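The values are calculated or read from the model by the stated rules, or taken from the named source; none is laboratory data. No experiment lies behind these values; they were computed from the predicted model shown. Note: ideal-geometry Cβ built from the backbone for every residue, glycine included; neighbour counts use all protein chains shown.
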Amino acid sequence: MERFQRKLWVGLLILAVLTPIGIFLPEMFNAGDAWGEWGVETLEKLLGYVPEGLKQYADVWKAPIPDYNFGRDEASMGTQVLSYILSGIIGIVLVGLALVGISKFLVRHERHER
Amino acid sequence: MHIPDGYLSPQTYVPLYGASIAFWAIALRKMKKELSTKHVPYIAMSAAFSFLIQMFNIPIPGGTTGHAVGAGIITLLLGPWTAVLSVSVVLIIQALVFGDGGITAIGANCFNMAVVMPFVSYWTFKLLAGGGTASRRRFVAAFLSGYLGLLLAAVATGVQFGIQPSIAHAPDGRPLYAPYPLSIALPAMAVEHLLLFCFLEGIITLLLFRYFVRHESSLVYALKGA
């Protein structure tokens, strides 16, 4: 691997280790969900009801690692932080592999056609 | 900015799936023509970067959170079509594996962050950077391409939220999906982004652009033909 690329990968790993900042900062400044990304319980509190259609769709998908958290909603800060870093690493491996796969396929396809 | 399941009516999420699929098809065709093996590791890294930078939730004290997306810098380095594909893959993995953004809303989220954003960034840079080598002007253009790219993505998201109450409501008048009208959803999305999150995106775009121009300028897509 080129030295420049190695340097970039190291930078990305450092970024992965720093991701828990994305948990600490909102906690510190008492900030909640992103606008429009409230869960059903929060909506109930905001509106006094849950929109019918929204309720039907809300649980249409069960993600294997919901909210980048391996623990439960009320997991300790330690668990959340470790889950977050691990999710970051799993995430970059998955997106990296997917794009290398797609790119390799496109390059091979191209040579084949010529 | 990741719209969850249930916030968009089928009348909204189905056409947006269609739009995103059309852009994916063009992106794949463009990349097939232009892709060189040398770029593959950078494409993978661009997606890794976008994935990680989105994990940095930035708070509005006492309010909501938001984050940068990274589509601006990916566009400047690798071109808008590569950014379409790279950021889309990120958003799809986020939805499938981490439940960040809905499955039904993948088309919408990809349209906002992986189509609107790269192309706004691209055209902003193209229009403002000029052809010359005046580097300060180019850096200003890089900042604004990140800033405006994210802003327009937020505006698109705000519009999609905001039109829901008028598209679908129960007989008693209650909205069926995203509950807030355009007059609330659009300013909410736009203002929090233009005051805070867009600055972050702009600064990230500017700093990384400068880094690559200095260290590996042959790679930088936005400098080609300049």
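Here are the numbers:
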{"quantity": "Failed item, numbered, when A:Pro20 is tested on (1) at pLDDT 95 or above; (2) in contact with a Ser or Thr (Cβ under 6 Å, 6 or more places away or on another chain); (3) more than 7 Å from chain B (Cβ to nearest Cβ)", "calculated": "(2)"}
{"quantity": "Residue identified as in a helix (DSSP H, G or I) and either among the acidic types (Asp, Glu) or within 7 Å of chain B (Cβ to nearest Cβ) (or both) among A:Leu82, A:Leu99", "calculated": "A:Leu99"}
{"quantity": "Every residue from segment B:6-16 that is surrounded by 15 or more Cβ atoms within 10 Å (Cβ to Cβ), assigned to a helix (DSSP H, G or I) and within 10 Å of chain A (Cβ to nearest Cβ)", "calculated": "B:Tyr13"}
{"quantity": "Segment B:51-86: number of residues that are within 24 Å of A:Glu2 (Cα to Cα) and more than 8 Å from chain A (Cβ to nearest Cβ)", "calculated": "10"}
{"quantity": "Selection count, segment B:187-205, where residues are more than 11 Å from chain A (Cβ to nearest Cβ) and more than 16 Å from the chain's Cα centre (by Cα)", "calculated": "1"}
{"quantity": "Matching helices (runs of 4 or more DSSP H) fully within segment B:96-187 where at least 2 residues are more than 30 Å from A:Tyr84 (Cβ to Cβ)", "calculated": "B:117-129, B:135-162, B:164-167"}
{"quantity": "Close pairs from segment B:35-46: first under 16 Å from B:Glu216 (Cα atoms) and among the β-branched types (Val, Ile, Thr), partner modelled with pLDDT under 95 and surrounded by fewer than 20 Cβ atoms within 10 Å (Cβ to Cβ), Cβ under 8 Å, at least 6 apart", "calculated": "B:Val40/A:Lys104; B:Val40/A:Val107"}
{"quantity": "Filter result for the condition that a residue is surrounded by fewer than 16 Cβ atoms within 10 Å (Cβ to Cβ) and either among the aromatic types (Phe, Trp, Tyr) or over 16 Å from the mean Cα position of the chain (by Cα) (or both), over B:Pro175, B:Pro171, B:Pro165", "calculated": "B:Pro171"}
{"quantity": "Yes/no for B:Ala19 being assigned to a helix (DSSP H, G or I), within 11 Å of chain A (Cβ to nearest Cβ), out of contact with any strand residue (DSSP E or B) (no Cβ under 6 Å at 6 or more places or on another chain) and touching a residue at least 24 places away in the same chain (Cβ under 8 Å)", "calculated": "no"}
{"quantity": "Only listed residue being within 15 Å of B:His193 (Cα to Cα) and modelled with pLDDT of 95 or more, chosen from B:Ala156, B:Ala95, B:Ala142", "calculated": "B:Ala156"}
